[in-house]
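A short worksheet on the structure shown next.
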Amino acid sequence: MDRFRGFLIVFAVLSFTTSIAQDDDEYDRFSLNIAGGKSLSVRELATKVFGETRGELADDGIGGQIIFAYYPTRRLGLATRFSYNQNRTREEGIKLIASGQYGVVNPVVESTEDWNALSAMIGPSLRLGGRRLGLEGRLLFGYASVNSPTFVTKGTFQNYDIRVSTQSQNARDWAYGAGTTLNLGLIGGLSLVVNADATLISTTFKSVNNQITTAAFPPVSQLVDIEQNVGVLNVTGGLRFAF
């Protein structure tokens, strides 16, 4: 009985290896991966990589991406990834900014909006397997454009009630990323894919406009710089076209 089980295990391993080898014979130079799904905040990782900031705004949301890969060899290639993210805004991050940036005591978030980011990145890619079953890994470097959210906070300042309305601002900076793709072949060069792609951005929103209202002074407008680390992990599913 034990020998029979051992035979089945060896047979399964040989079958899988043969499948991979057959896939290698059908090796494709190009692939296009289109996917969408969940965007998870990895703000703690971003903070460890880039250092502390005054408040991490990114929370979970949705993400979509397009990955184009070129393989001059079976295993090593070059991948280009275009990603879009729309994420909710953490109230804890807003409160840290209000207290640290404006000196608001006991800040309360009155309203807030989502933030979004668009990035384009490129880097080396490694793949194992082939059309039927394959795994890809990539390291990426590129550029990102981030839109900060509009938010309103209330609290006290020198024993007076204060209200701060922070306007949206755009920032652009370098970005770093890494990702992996698992593909399951359907027919020909068409596959189902599951992607996990991380993006880390450290940027500064310059001259953010704040409208400050308090009973002690007339309304004023103030321009400030807000540093932010943006860290997200996109877990997406979609289709891959290989040719």
Q) When the accessible area of the stretch 43-201 is split by element with a 1.4 Å probe, what percent falls to carbon and sulfur? A) 59
Q. Could you give the alpha-carbon Rg of the stretch 174-239 over 2.2 N^0.38 Å, rounded to two decimals?
A. 2.03
Q. Expressed in whole Å with the largest first, what are the equivalent ellipsoid semi-axes of the stretch 74-116 derived from the C-alpha gyration tensor as the square root of 5 times each eigenvalue?
A. 39, 12, 7
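The values are calculated or read from the model by the stated rules, or taken from the named source; none is laboratory data. Computed from a prediction, not measured in an experiment: that's the story for all the values here. Heads up: the accessible areas ignore ligands, DNA and RNA and are worked out on the full protein's heavy atoms, side chains in. Shrake-Rupley method; radii C 1.70, N 1.55, O 1.52, S 1.80 Å.
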